[in-house]
1. With respect to Leu41, is the statement that it is more than 26 Å from Thr10 (Cα to Cα) and either at pLDDT 95 or above or touching a helix residue (DSSP H, G or I) at 6+ places or on another chain (Cβ under 9 Å) (or both) true?
2. Does Asp71 fit the bill of being free of Cβ contacts under 8 Å to residues at least 60 places away in the same chain, more than 28 Å from Lys113 (Cβ to Cβ) and surrounded by 15 or more Cβ atoms within 10 Å (Cβ to Cβ)?
3. Search segment 8-26 for residues being surrounded by fewer than 11 Cβ atoms within 10 Å (Cβ to Cβ) and among the polar types (S, T, N, Q), and hand back the single one that is modelled with the lowest pLDDT.
4. Test of understanding: among Ala46, Ala5, Ala29, which residue is more than 21 Å from Ile90 (Cβ to Cβ) and at pLDDT below 95?
5. Looking for whichever is surrounded by 11 or more Cβ atoms within 10 Å (Cβ to Cβ), under 12 Å from the mean Cα position of the chain (by Cα) and aliphatic (A, V, I, L, M) here; the options are Leu48, Leu117, Leu79, Leu39. Which one fits?
6. Cβ-Cβ under 7 Å, sequence separation 6+ or interchain: first residue in segment 90-116 and over 25 Å from Ala76 (Cα atoms), partner of a type outside the set (Val, Ile, Thr) and part of a loop (DSSP other than H, G, I, E, B). Which pairs?
7. Right, Glu47: over 30 Å from Gln8 (Cα atoms) and free of Cβ contacts under 8 Å to residues at least 12 places away in the same chain or not?
Amino acid sequence: MMPTANSQPTDIDEITNLLISFRDQRNWAQFHNSKDLALALSIEAAELNELFLWKSAGEVDEAKLRDELADVFAFAFLLAHKHGFKVREIVESKVRKNAEKYPVHKAHSTARKYNEL
């Protein structure tokens, strides 16, 4: 996910490059296929959830929360990189899709799913 010649690297590009460098120094690219990156992402998300299990949101250990959230981001960025996706573009695209499914006038102040609005 390298920036083009006419653009500046984004924070996401810099983070992804840091992750790739860390991975490549350890020869771990061989383990980073899409399936295993997706599984790792799911496992890290479960570890993030575990921090909140049987606790109120205010009881969570913030240092552990930062670490687990970093793991989730890391595997998500690596998976996006693996497929040549630009994180900003895919997130913006998804927000546009969700804006159509959840128009403000129907979705404001409700947690109902789009097919229940």
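1. Numbers: more than 26 Å from Thr10 (Cα to Cα): no; either at pLDDT 95 or above or touching a helix residue (DSSP H, G or I) at 6+ places or on another chain (Cβ under 9 Å) (or both): yes.
Considered against the rule, which asks whether it is more than 26 Å from Thr10 (Cα to Cα) and either at pLDDT 95 or above or touching a helix residue (DSSP H, G or I) at 6+ places or on another chain (Cβ under 9 Å) (or both), Leu41 comes out as no.
2. Working: free of Cβ contacts under 8 Å to residues at least 60 places away in the same chain: yes; more than 28 Å from Lys113 (Cβ to Cβ): yes; surrounded by 15 or more Cβ atoms within 10 Å (Cβ to Cβ): yes.
The answer is yes for Asp71.
3. Looking at residues that are surrounded by fewer than 11 Cβ atoms within 10 Å (Cβ to Cβ) and among the polar types (S, T, N, Q), I get Gln8.
4. Details: Ala46 fails: at pLDDT below 95; Ala29 fails: at pLDDT below 95.
The match here is Ala5.
5. Numbers: Leu48 fails: under 12 Å from the mean Cα position of the chain (by Cα); Leu117 fails: under 12 Å from the mean Cα position of the chain (by Cα); Leu39 fails: under 12 Å from the mean Cα position of the chain (by Cα).
Just one listed residue meets the conditions, Leu79.
6. What qualifies is Lys106/Leu117; Ala107/Leu117; Tyr114/Tyr102.
7. Values: over 30 Å from Gln8 (Cα atoms): yes; free of Cβ contacts under 8 Å to residues at least 12 places away in the same chain: no.
No, not satisfied.
The values are calculated or read from the model by the stated rules, or taken from the named source; none is laboratory data. Small disclaimer: the values here were computed from a predicted structure and weren't measured. No Cβ is skipped: glycine too gets one built from the backbone with ideal geometry, and neighbour counts run over all protein chains shown.
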